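Down below is the structure, laid out as structure tokens.
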Amino acid sequence: MASLQDIRRRIRSVKNTQQVTKAMKMISAVKLRKSQERLVSLRPYASKMKEVVYRVVASVKGRPEIHLGPSATALISPREEKAIRVVVVASDKGLCGGFNANILKRAALFLQENGDKRVKVDVVGKRAFDWARRRGLTLESEYLGVPLPGLQKVTREIADAAAQQYEAGEIDALYVVYNHFQSAVAQEPTVVKVFPVELPVQPMDAKAEIPHLLEPDPNTILETLLPRFVETEVLRTLLESSASEHGARMAAMDKASGNAGEMIAKLTLTMNKIRQAAITNQIIEIVSGANA
Amino acid sequence: MAGHLLLEVVTPERRVFSAQVQEVMFPTAHRGYYGIKPEHTPVMTPVGNGLIYFTQEGQRHWLTVFGGFAEVGPDHVTILARESETVDMIDLPQAEADKQQALKLLKEAQTEHDMDEAQASLEASIIRIQAASHPGGHGF
């Protein structure tokens with residue numbers, strides 16, 4: 001049996017760990033709030049943007065008399081996917097439960113599903129980078145250790161590069177694999193196709209009986225709108241992932257703090273038992289000595 | 001509410017403005033200002049740089065806007081702005097400094113790219129100064 005000293009030492013060490021996990025949980029909570037604020041303020045913009053794009057696309061679809069420029073045509077008319085570009089978004093740091101494992105599993109599955117195509121991969125986050133290197137993937141670009149305000153620049157670079165490649169015919173679609181932020185404790189690994197724009201099967205809303213006037217013309221609108229749409233979508237996925245990461249870390253650290261507490265309670269109990277046993281032994285010795 | 005428009009201005013960073021107004025006027029990217037009253041026919045159009053004017057209870061107010069997209073319906077105007085700010089968000093001394101800086105850059109510009117950047121920054125600072133000091137000539 002371990003000595004009293006050993007157990008005391010272990011309790012101290014577990015307490016230290018618990019302090020670290022508690023601190024990390026607190027930091028994650030603050031970071032989560034920041035990411036979540038950014039995400040929540042972007043979501044109305046993103047959903048409105050999507051709605052507008054769908055509306056414009058729906059109004060020009062199947063009307064050959066409307067002349068569209070090459071970039072507008074390209075982004076809305078799907079072609080056979082022979083080469084695709086996929087952005088895998090994970091985190092830079094670990095200690096966030098199954099966050100990275102889940103998303104990388106999803107990404108691996110996605111690569112497997114698209115094994116017959118040429119796939120270009122971008123990674124965001126050190127964990128995704130390590131994963132890609134282990135698999136021997138060649139990367140289009142990698143973004144490691146990007147802070148929250150820097151995400152916008154990352155977004156622009158990815159969106160611009162992908163749009164250029166798309167127009168040049170080098171890729172036929174852009175996908176993002178990321179953790180969708182459902183709540184502080186729930187994330188969902190998600191694959192989203194950013195472009196070409198696919199119309200939802202259901203019409204957006206029934207109340208739009210009067211078609212919108214498109215000023216000055218549909219082509220100009222699509223050409224100004226689509227690059228922003230792509231950027232907004234990519235930015236949204238990055239923010240979703242950031243919020244998810246901090247949520248996952250907060251949950252993991254909360255669990256860890258709880259486990260540490262349990263462990264301390266167990267060790268304390270053992271320690272008290274051993275101490276009591278020692279005292280009892282001493283008393284027995286004294287009593288039997290006195291009797292003799 | 002009849003005779004009212006819901007004006008919403010959202011940027012990727014935040015919801016800048018959302019309230020019922022009587023009239024809206026915003027700059028388009030291609031030709032001048034667009035004036036909107038309630039029951040306007042639905043329109044979608046790119047937004048340019050300038051000031052968004054709106055009337056609320058007879059009072060005229062304005063916001064800055066730098067690029068974006070507008071969706072107009074009979075009872076609402078939604079502006080997806082690249083950037084937008086209310087008057088009290090503008091730092092006037094900063095805008096003045098930006099203007100001087102932009103003028104300086106414009107004189108020193110070597111490449112076309114520098115020139116464009118300086119021009120854009122100059123335009124933005126002028127719009128901000130205009131918004132903070134006086135609404136300028138675009139009356140209703």
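Data overview
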| item | result |
| --- | --- |
| For B:41-51, mean number of other protein chain Cβ atoms within 10 Å | 4 |
| Footprinting exposure proxy for B:Met89, A:Met49 (fewest neighbouring C-beta atoms within 10 Å first) | B:Met89, A:Met49 |
| Two-decimal log10 I(q)/I(0) for the stretch B:5-88, as the Debye equation yields it once each C-alpha is a single scatterer, q = 0.13, 0.14, 0.18, 0.19 Å⁻¹ | -0.32, -0.38, -0.64, -0.72 |
| Kirkwood Rh and Cα Rg combined as Rg over Rh, evaluated for chain B | 1.01 |
| Net +/- balance of residues flanking B:Glu85 in space, Cβ distance below 13 Å, scoring K and R +1, D and E -1 | 0 |
| Between helix B:92-108 and chain B: long-axis angle, C-alpha atoms, 0 to 90°, nearest 10 | 50 degrees |
| Coil-residue GluC sites (Glu not before Pro) of the stretch A:68-163, DSSP, other Cβ within 10 Å capped at 10 | A:Glu80 |
| Proximal lysines to A:Lys61, defined as alpha-carbon separation beneath 22 angstrom and excluding residues fewer than eight positions away on the same chain | A:Lys48, A:Lys50, A:Lys193, A:Lys207 |
| By average C-beta atoms within 10 angstrom, highest first, the peptides A:159-167, A:240-248, A:83-91 | A:240-248, A:83-91, A:159-167 |
| Averaged over A:216-224, number of beta-carbon atoms from partner chains that fall within 10 Å | 3 |
| Estimated dipole of the stretch A:22-252 in Debye, rounded to 20 [Cβ of Lys and Arg +1, of Asp and Glu -1, Cα centre] | 1220 debye |
| At q = 0.18, 0.22 Å⁻¹, base-10 log of I(q)/I(0) for the stretch A:153-292 (Debye sum, equal scatterers on each alpha carbon) | -1.13, -1.28 |
| Tensor-based shape of chain A (alpha-carbon gyration tensor, a/c under 1.5 rounded, otherwise prolate or oblate) | prolate |
| For the protein assembly as shown, with +1 on Lys and Arg beta carbons and -1 on Asp and Glu, the positive-most of A:Gly69, A:Val124, A:Ala58 along the dipole | A:Val124 |
| The stretch B:57-140, Cα convex hull volume normalised per residue, Å³ | 121 Å³ |
| Average other protein chain Cβ within 10 Å of Cβ, residues B:3-10 | 1 |
| Estimated Rh, the stretch A:24-181: Kirkwood, alpha-carbon pairs, angstrom | 17.7 Å |
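Since every read-out is calculated from the coordinates, none of them should be taken as a lab result. From a predicted model like this one, the values you see are computed outputs, not experimental measurements. Here Cβ is always computed from backbone atoms with ideal geometry, including for glycine, and neighbour counts include all displayed protein chains.
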